[in-house]
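Below is one structure, written out as C-alpha cells; the observations come after it.
The values are calculated or read from the model by the stated rules, or taken from the named source; none is laboratory data. No experiment lies behind these values; they were computed from the predicted model shown. We place every Cβ from the backbone using ideal geometry, glycine too, and count neighbours over all the protein chains shown.
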Amino acid sequence: MPCPVIESVEVFRKVLDAERGAGRRVGLVPTMGALHDGHLSLVRRAAAECDTVAVTVFVNPLQFGPGEDLERYPRDLDGDVVLASAAGATHLFAPSVAEMYADEVLTTVRVARLGEGLEEAARPGHLGGVATVVAKLFAMTGPCRAYFGEKDYQQLLVVRRMAADLSYPVEVVACPTVREADGLALSSRNAYLSPDERRAAAVLYRCLVAGRAAVEAEEEDPAVVRSAMAEIVASEPGARLDYAEVRAAGTLEPLDRVVGDVRLLVAARVGPARLIDNLGARGPSGPGGT
Ligand code: AMP
C-alpha cells in the first residue's frame, strides 16, 4: 500500500506530533526524489530503527546555482511513493516551493569551515542552501533521527554540525554509500549519462581506490596522494576532473601530512553530469596517536 503524501507543512507537523504523542519514534529521510537504491537504503535503515518513517521529496532551488540542473533534475513523485513505501516509509512529505519558502528568503544558514571549500568552492551557495532547507525540515519534523548518506560526505558533516550548533533535537545518522558493481555510486544524476558516459563514470571510484591504496601504503605527502588520484581520472578521456583531495576525515581541513583517519574526495564532469564521490582511509597514526 502506498503511504500517504503530505504537501502541507502544517499537516506534516501535526501528523508527526501525533506519532510521537502515541509513543512512536520518528525517522526522517530528506531527499530530492527520483529515488534509487541509495536513497532506499536510508529508508530501510530508518524503518529498522524507527516506528514512523517520513521521507521528504523536495528539489530545493536554494541549493542550485545559476546555470545548474534545477529545471531538468529528474522528478517522479508517483514512482517515489511506491518505492519509498515498499522500503518502509510511512509518510511522504512533498511540499511545493511556495509551501517551503516565502517569496523572498531573508534567513539562511551557513556553516563555517566545514561548509567552505570542496563542493562549496565548486558550487558557491550550495551547502548554505542545503543547510537552510535541512534546518527547515528539522524544525518541521521535530525530535527525530535523520538519515543521511556518506555519498555526500561534506553535506553530512555540515548537516550534523548545523543540528548540533542550532540545538535541534535531531540525531544525524550516517549511512554507507550504495554502489553499482563497478563501484559507481548510485546517484539521481547518473540518469543523465549515455551508455559510454556511464562506463566512463566508473573512473571516480577507481580514483578513490587509487588514493586509498596510496594512503594505506603510508604515503604521507598529500600532493602525491592527490596526483595518484588525478592521474586515474586523466586516463579516462570521458571524464574531466574538478577536484581530487585528501582531507582530515572529521573536519575536512587540508593536511600537511597524511596521517590518521582521512577522507578521499573526488568531483568530475562526465558528459552532462557533475558527479561526486568519496571514500575513507586510514594512514599511519600521527605523533601522539595510537
Ligand atoms: P539527494 O536526493 O541526492 O539529495 O540524496 C538524498 C540522500 O540520499 C542524501 O543523504 C544522500 O547522501 C543520500 N544518497 C544519495 N545517493 C546515495 C548512495 N548512493 N548511497 C547512500 N546514500 C545516498
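Would you check if there is a residue in segment 283-290 being outside any loop (DSSP other than H, G, I, E, B) and either in contact with a helix residue (DSSP H, G or I) (Cβ under 8 Å, 6 or more places away or on another chain) or modelled with pLDDT of 95 or more (or both)?
Checking segment 283-290: not a single residue is outside any loop (DSSP other than H, G, I, E, B) and either in contact with a helix residue (DSSP H, G or I) (Cβ under 8 Å, 6 or more places away or on another chain) or modelled with pLDDT of 95 or more (or both).
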Next on the checklist: Looking at A102, A84, A131, A98 in this structure, which one is assigned to a helix (DSSP H, G or I) and free of Cβ contacts under 8 Å to residues at least 24 places away in the same chain?
Outcome noted: A98
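Quick one: how many residues across segment 22-37 are over 27 Å from A181 (Cα atoms) and either of a type in the set (D, E, K, R) or within 12 Å of the ligand (Cβ to nearest atom) (or both)? Reasoning before the result, please.
Just the residues of segment 22-37 that are over 27 Å from A181 (Cα atoms), to begin with: 22-28.
Okay, now just the ones that are also either of a type in the set (D, E, K, R) or within 12 Å of the ligand (Cβ to nearest atom) (or both), so 24-25, 28.
Of the residues in that region, 3 qualify.
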Item to check | Any hit, segment 149-164, residues being in contact with a Cys (Cβ under 8 Å, 6 or more places away or on another chain), near the ligand (Cβ under 7 Å from one of its atoms) and within 23 Å of R75 (Cβ to Cβ) | outcome: yes
Checklist entry - Can you name the residue in segment 174-189 that is surrounded by fewer than 20 Cβ atoms within 10 Å (Cβ to Cβ) and more than 7 Å from the ligand (Cβ to nearest atom) and is also nearest to N278 (Cα to Cα) among such residues? => result G183
Checklist entry - Can you name the condition, by its number, that G67 falls short on among (1) buried (at least 20 other Cβ atoms within 10 Å of the Cβ); (2) without any contact (Cβ under 8 Å) to a residue 24 or more places away in the chain; (3) not basic (K, R)? => result (1)
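Table: residues versus (1) touching a His at 6+ places or on another chain (Cβ under 9 Å); (2) of a type in the set (V, I, T); (3) within 29 Å of G271 (Cα to Cα).
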| position | (1), (2), (3) |
| --- | --- |
| R44 | no, no, no |
| N60 | no, no, yes |
| Q63 | yes, no, yes |
| G67 | no, no, yes |
| V82 | no, yes, no |
| S85 | no, no, no |
| T90 | no, yes, no |
| F93 | no, no, no |
| E99 | no, no, no |
Checklist entry - What are the residue pairs meeting all of these: first residue in segment 27-45, first residue aromatic (F, W, Y), second residue within 9 Å of the ligand (Cβ to nearest atom), Cβ atoms under 8 Å, and 6 or more apart or on different chains? => result none
Checklist entry - Among R226, R257, R263, R240, which is charged (D, E, K, R) and within 21 Å of T177 (Cα to Cα)? => result R263
Checklist outcome for this item: Flagged in segment 154-188 as of a type in the set (V, I, T) and within 16 Å of A46 (Cα to Cα), in numbering order, are V170, V172, V173, T177, V178
Next on the checklist: Criterion first (within 9 Å of the ligand (Cβ to nearest atom) and either in contact with a strand residue (DSSP E or B) (Cβ under 8 Å, 6 or more places away or on another chain) or in contact (Cβ under 8 Å) with a residue 12 or more places away in the chain (or both)) does A54 satisfy it?
Outcome noted: no
Checklist entry - Among G33, G27, which is the only one that is within 27 Å of P124 (Cα to Cα) and surrounded by 14 or more Cβ atoms within 10 Å (Cβ to Cβ)? => result G33
Checklist entry - Taking segment 202-223 as the region of interest, how many residues are under 25 Å from S187 (Cα atoms), touching a residue at least 40 places away in the same chain (Cβ under 8 Å), out of contact with any helix residue (DSSP H, G or I) (no Cβ under 6 Å at 6 or more places or on another chain) and of a type outside the set (K, R)? => result 4
Next on the checklist: Tell me the residue from L16, L40 that is within 11 Å of the ligand (Cβ to nearest atom) and not in a loop (DSSP other than H, G, I, E, B), please.
Outcome noted: L40
Next on the checklist: Checking the structure you have, find out if any residue of segment 241-257 is touching a Pro at 6+ places or on another chain (Cβ under 6 Å) and either of a type outside the set (V, I, T) or crowded, with 20+ Cβ neighbours inside 10 Å (or both).
Outcome noted: yes
Item to check | Breaking point among (1) more than 14 Å from the chain's Cα centre (by Cα); (2) closer than 16 Å to Y168 by Cβ; (3) not small (G, A, S), for Y147 | outcome: (1)
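One line per residue, one yes/no per condition, for (1) more than 24 Å from E68 (Cα to Cα); (2) modelled with pLDDT of 95 or more; (3) in contact with a Phe, Trp or Tyr (Cβ under 7 Å, 6 or more places away or on another chain):
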residue	(1), (2), (3)
R206	yes, yes, no
R212	yes, yes, no
L241	no, yes, no
V246	yes, yes, no
L252	yes, yes, no
V259	yes, yes, no
L264	yes, yes, no
A273	no, yes, yes
